[in-house]
Amino acid sequence: PVLVQEADGLVESARELAIYAGRPPNPKRATKEEKAHYQDKLAELGAKALVNKVDFEDFQIGEIPAATATPLDCETDDKKVLLYIHGGGYVTGGLEYARGFAGLLAAETGQRVTAIAYRLAPENPFPAALDDVFYAYEYLLRSYSPENISLIGESAGGGLILALCHRLKAEGLPLPHK
């Protein structure tokens, strides 16, 4: 019965996403709100798929909302972490979306994943997002050695990861795992 209820919930979420995805937001014409709604639906579907597979801990890094996803039912190397930075064209995305994707990464890799909700443009112009990613990396350095930190970013998050590595090198700070 529990599995049937979980499956029904996943099917309903997938149905809602499919209805919405029937007219996916055109990146050139969609409003910021439409893009954010689509990301929220993806996060909701991901969260339902992760019930009993991943444990989440929400916290703050200064003013930056963050979450760590830890896979359940597998051995996790407590000395290693993956820092995930969400996409969204620097203007959409938030902790719910980041948590969902971080949870999927944790479930698939068997590795602890920390995600943040960086400040979004245009309300927070460059380098606000990069500063948030930098502070998140510095925060992880307090608990992990750089060779045990891996970085992953999706779309705009990938750009922020690249910019982070350039900034770390320019400032002479330790680079993450290669």
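How many residues does the range 78-87 hold that are open to solvent by 20 Å² or more (accessible area, probe 1.4 Å) and not in a strand (DSSP E or B)?
Going residue by residue through the range 78-87, those that are open to solvent by 20 Å² or more (accessible area, probe 1.4 Å) are 78-80, 82.
Remaining after also requiring not in a strand (DSSP E or B): 78-80.
Residues flagged as open to solvent by 20 Å² or more (accessible area, probe 1.4 Å) and not in a strand (DSSP E or B) within the range 78-87 amount to 3.
Quick one: which residue in 12, 44 is modelled with pLDDT of 60 or more, open to solvent by 30 Å² or more (accessible area, probe 1.4 Å), more than 20 Å from residue 119 (Cα to Cα) and assigned to a helix (DSSP H, G or I)?
One residue alone meets the criteria, 44.
If we keep just the residues of the range 137-158 that are in a helix (DSSP H, G or I) and touching a Phe, Trp or Tyr at 6+ places or on another chain (Cβ under 8 Å), which is farthest from residue 106 (Cα to Cα)?
Once the filter is applied, the top-ranked residue is 156.
Here is a check on your reading of the model: is residue 114 open to solvent by 30 Å² or more (accessible area, probe 1.4 Å), among the β-branched types (Val, Ile, Thr) and more than 20 Å from residue 37 (Cβ to Cβ)?
no
Among the numbered criteria (1) surrounded by fewer than 21 Cβ atoms within 10 Å (Cβ to Cβ); (2) in contact with a helix residue (DSSP H, G or I) (Cβ under 9 Å, 6 or more places away or on another chain); (3) of a type in the set (D, E, K, R), which one does residue 75 miss?
The failed condition is (2).
Determine whether the range 93-106 contains at least one residue that is open to solvent by 30 Å² or more (accessible area, probe 1.4 Å), part of a helix (DSSP H, G or I), under 25 Å from residue 48 (Cβ atoms) and without any contact (Cβ under 8 Å) to a residue 24 or more places away in the chain.
no
Suppose we filter 58, 131 for residues that are touching a strand residue (DSSP E or B) at 6+ places or on another chain (Cβ under 6 Å) and either more than 30 Å from residue 29 (Cα to Cα) or not polar (S, T, N, Q) (or both); which single one remains? It would help to see each step written out before you state the result.
Details: 131 fails: touching a strand residue (DSSP E or B) at 6+ places or on another chain (Cβ under 6 Å).
Sole residue among the options that is touching a strand residue (DSSP E or B) at 6+ places or on another chain (Cβ under 6 Å) and either more than 30 Å from residue 29 (Cα to Cα) or not polar (S, T, N, Q) (or both): 58.
For the range 159-178, give me each residue that is outside any loop (DSSP other than H, G, I, E, B) and either at pLDDT below 95 or under 13 Å from the mean Cα position of the chain (by Cα) (or both). Steps first, please.
First, the residues of the range 159-178 that are outside any loop (DSSP other than H, G, I, E, B): 159-170.
Residues satisfying the conditions are 160, 161.
Please enumerate the residues belonging to the range 152-164 that are open to solvent by 40 Å² or more (accessible area, probe 1.4 Å) and of a type outside the set (Val, Ile, Thr).
154, 155, 162 - these are the residues of the range 152-164 that are open to solvent by 40 Å² or more (accessible area, probe 1.4 Å) and of a type outside the set (Val, Ile, Thr).
The values are calculated or read from the model by the stated rules, or taken from the named source; none is laboratory data. Predicted, not measured: the structure shown is a model, and the values here were computed from it. Heads up, the Cβs are rebuilt from the backbone with ideal geometry, glycines too, and the neighbour counts pull from every protein chain shown. With ligands, DNA and RNA removed, areas are computed over all heavy atoms of the protein, side chains included. Shrake-Rupley method; radii C 1.70, N 1.55, O 1.52, S 1.80 Å.
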